[in-house]
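Enquirer: Following this message is one structure expressed as C-alpha cells.
The values are calculated or read from the model by the stated rules, or taken from the named source; none is laboratory data. Since we're looking at a predicted model, the values are computed, not measured. Note: ideal-geometry Cβ built from the backbone for every residue, glycine included; neighbour counts use all protein chains shown.
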Amino acid sequence: MGVLFGAAYYAEYHQSSGPERLQNPERLQSPEQRQRVERDLDLMQQAGFTVIRVGESVWSTWEPREGEFDLEWLLPVLEGAHRRGIGVILGTPTYAVPPWLQQAYPEIAAEKADGRAIAWGGRQEVDYSHPAFRFHAERVIRAVIARYAEHPAVIGYQVDNEPGLELFHNHGAFTRFVRRLKQQYGDVATLNAEWGLTYWSHRIADWSELWRPEGNTLPQYDLAWRRYQSDLTTEFIAWQADLVREYAQPDQFVMTCISYPRPAADDHALAAVLDVTAGNPYYAMQDRLDATKDLPALSNWTTSGVAGLFRQADRLYSSRQDRFLVTETNAQSIDGSWNNRPPWPGQLRQAAFALISRGASMIEYWHWHTLPYGTETYWGGVLPHSLEPGRVYQEVAGIGAELQEIGDGLDGFVPDADVTLLWSNESNWAFQFFPPLSTEQGEPDPASYERIFDAFHRGVVDAGAQARILHPAQAIALGAQALAAQHPVLIVPALYVTTDADLELLREYAAAGGHLVLGIRTGYGDHEARARVSTAPAILAEPAGVHYSEYSNVDAPVPVTGTLAIPEGAAATGWIDGLIADGAETLAGYVHPRFRDFPAVVTKEHGAGRITTIGTVPNPALAAAIVRWVAPSPIADEILPDRALPITVSSGRLPDGGRAWFLFNWSWDEQTVTTSAGATITLEPWGTHRIRTTPSPAAS
C-alpha cells in the first residue's frame, strides 16, 4: 500500500457557483475551470500524490437550497483523480452549515456559556446534538455518500471535520445532561455526597434545582460537564460513521480528522468508533524547529520545537495504538495574515518523515490551492496565490518521489519506544478548570497539564530516546504483567483524575518489573477530581517509599543537584512537592534555603521493579537527565551511539525484523555523524537521512 501522500483539494473554491451553473447542473465548469482541474491533477500526479481529500467544507454547494441537491459537480475531480491513480477521501459537509439552514432553523445555533447564540458567519456554530440539525445533516450525508460510494476513486470517508470546537450550553443539551446525571447517580442525595454540595450551600433537594454550567464554580460539576460534552462529540461522530457505513464498500475506511486541542473531544473515544485515527498536527516552522533554540509557541493550536512535533505524532499514535493518517499539516504559513512564517528549505521533508517515523501512514497537506479570499486567505497551500508551482511545490514533489521510491517498504512499520508516558484527557480537563500552575503574568494557566506532560516528553526527545503514549484505559486493558513487559519504563505526569484501580495497576506494574516514574499531582485526585483524603501519593506512597503533605508553587527556576548525572542549568520549575523519603533513596535535591529540606527525585525498588518519584516540573536539562537515568541505553544507540542535539534519531520495526531509521538535523549547521557500522553521514542544514537495516541472523 505504501504511505499515502497528497493534499486537501477544493476545486470548487476556484470556480463560480452562480445562476448559470445552478440552472445547468450538467455543465459543471467552464472550459477554463476544467483546464484548471486537469492541470491541478497533472501537477499532483507529477508530485507523487496518491490521495486527495474533497467535499467536506461545502454543504451549500451540495445543497444550495433546502432539499435541492447538486451532486454532480464533484464528478470531474473524481474521474480525473481515478485516471491518474489518485485515491479520494470524500468528506461529509456537516461542520460548515449553509445560510439557508441557519436562517430557517435558528434554534440549532450553539449557545455560549453566557447564553448568547453563536452568530453564524464562521463554522461549527451549531449544536450538533439538536434533532433539527441531525435531520438535515442526515439528508445531505445520505445524498452525497449514496452518489459516490461506488465510485472507484473513493478509498475512504471523513465524517465532519475537527469536531468538538464548542461546549454547548443550549437548553436541550443541558436537559440531557441532567438526565445523564440522574442515570449515573440515581438520586440527588448521592450527587450531593459525590460532588460535595454541602459546600457553599449547594445541596439540592430535587434535580430541577441543579444550576446551569455557566454559573458553576465547582470542579466536580465541571468535570462531569466536560465528560458529557466529549460524549456528545463521540456520539455525533459515531452516528455519522454508522450512516456512512450503510453505503461504504468493504475496502473503504471511515475516519474524522481530530484536532487534539478541541475542548469537547476525547481522542481515544473518537478513534474507537472509527476505522483509523486521523488528525491535524500543525507546528511552528522556521527557527521554532531549531533544536538549539527554545522559542514559545505562536498559538494554542500549534506546537513549538522538535519535541512538540514528535509529541503530536505520538498523541496520534496513542489514540488507537496504531498507525494513523495525517489529514492536515503545514505546507506554507499556517495562520492569519499577521503570521507569515513559511518553512525553511528542508523543513517540510523533515516534518513529513518525523511524522512517518512515529507512525503516520498518510501525509496530506492543508491544502492544494492558497485561497484568494476567505478567512484562510493566508493559510498557504502547496501552490501559492498565483497557482503556479514554486519552491514549496518542488519540495513537496521531492517528498512524493521519495515515498514512491520507498513504495510499500514501510508497510507494517511499528515505531520504537524507549519510554512510555501516560496521558489523561480527564486530568487535562480538570487542570483547565483548576490549574495548578500559573502563567508568567501570575494568572492561572489552563495549559498546566500540557506543560507538565510536555516537560517529560521533551526530556525523552532531548535525551536521545523515543516515546510512546498510552491512555489509562489502554493500560488497564493490558494488565500489569503485559504493561511491564511491553512498556518497561512508564512515566506518569500529573495523573490527577484517577480511580483506585488505576493506581493499583501502577503499583502492580512496578511489582511486575516495570520502572514507574511519578510526576506531580499523580494520585492526588480521585475519579471526581476530589482531593483524596489520604497520604499522598495515594496507594503509591508505601511502595514508592515517599510521601508529602505540603507543596508550593515557585515563581523562578530552583537549581537542582544530586547523584544523577545532572548537567549545569538543571532546575525545578512551577511546583515543588515537599517530599519526605520513607526508605526511598534520594537522587537529587534543591539548591534553596527552604526547599533543600526536600528531595527533588527519589527512587525505591518495589517487587521486581522500581518506583521513582519526581517532586517538581523539571526543566529541559533536568528532564533529560532523568530520562537518561531511567532509559540509559536507548534504541537509537544501535545506529548512532555518539549523537547530541540538534541531531535526533527516530526508528521503527519492520515485519521482517529489520528497522527503518530516520536521522534529522534540526539546525542551520551542517552535521557529520558516524554510524555504529562506521559509515560517515553528512546531514545538511535541516537535513534528513534514511537507513534501513536488516535483521541479524540471530534475530531471524
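Enquirer: Quick check: is even one residue across region 627-643 under 24 Å from the mean Cα position of the chain (by Cα) and crowded, with 22+ Cβ neighbours inside 10 Å?
Expert: Looking through region 627-643, at least one residue is under 24 Å from the mean Cα position of the chain (by Cα) and crowded, with 22+ Cβ neighbours inside 10 Å.
Enquirer: Which of the residues belonging to region 599-619 are under 31 Å from the mean Cα position of the chain (by Cα), buried (at least 23 other Cβ atoms within 10 Å of the Cβ) and not polar (S, T, N, Q)?
Expert: ALA600, VAL601, ILE611, ILE614, GLY615, VAL617, PRO618
Enquirer: On to the next question. Could you pull out the residue among VAL649, VAL602 that is in a strand (DSSP E or B), farther than 30 Å from ASP555 by Cα and among the aliphatic types (A, V, I, L, M)?
Expert: VAL649
Enquirer: On the basis of being under 30 Å from HIS171 (Cα atoms), without any contact (Cβ under 8 Å) to a residue 60 or more places away in the chain and buried (at least 20 other Cβ atoms within 10 Å of the Cβ), does PRO99 make the cut?
Expert: Against the criterion (under 30 Å from HIS171 (Cα atoms), without any contact (Cβ under 8 Å) to a residue 60 or more places away in the chain and buried (at least 20 other Cβ atoms within 10 Å of the Cβ)), PRO99 does not qualify.
Enquirer: Does ALA110 satisfy the condition of being in contact (Cβ under 8 Å) with a residue 12 or more places away in the chain and buried (at least 21 other Cβ atoms within 10 Å of the Cβ)?
Expert: When the stated conditions are applied, ALA110 passes them.
Enquirer: Going residue by residue through region 494-515, is there one that turns out to be assigned to a strand (DSSP E or B) and over 18 Å from the mean Cα position of the chain (by Cα)?
Expert: Checking region 494-515: at least one residue is assigned to a strand (DSSP E or B) and over 18 Å from the mean Cα position of the chain (by Cα).
Enquirer: Now a separate question. Within region 687-698, is there a residue that is of a type in the set (D, E, K, R), more than 23 Å from MET285 (Cα to Cα), assigned to a strand (DSSP E or B) and modelled with pLDDT of 95 or more?
Expert: Yes.
Enquirer: Now for a different question. Go through region 253-299 and give me each residue that's assigned to a loop (DSSP other than H, G, I, E, B), polar (S, T, N, Q) and either surrounded by fewer than 19 Cβ atoms within 10 Å (Cβ to Cβ) or at pLDDT below 95 (or both).
Expert: Within region 253-299, THR292, SER299 qualify.
Enquirer: Only one of (1) surrounded by 16 or more Cβ atoms within 10 Å (Cβ to Cβ); (2) touching a Pro at 6+ places or on another chain (Cβ under 7 Å); (3) closer than 27 Å to LYS293 by Cβ is not met by LEU683, so which one is it?
Expert: Status for LEU683: all satisfied but (2).
Enquirer: Just wondering, is there one or more residues in region 527-537 that are outside any loop (DSSP other than H, G, I, E, B), more than 30 Å from the chain's Cα centre (by Cα), closer than 24 Å to SER448 by Cα and modelled with pLDDT of 95 or more?
Expert: The answer is yes; a qualifying residue exists.
Enquirer: Hey, any hits in region 233-246 for a residue that's assigned to a helix (DSSP H, G or I), in contact with a helix residue (DSSP H, G or I) (Cβ under 7 Å, 6 or more places away or on another chain), touching a residue at least 12 places away in the same chain (Cβ under 8 Å) and within 20 Å of THR190 (Cβ to Cβ)?
Expert: No, region 233-246 has no match at all.
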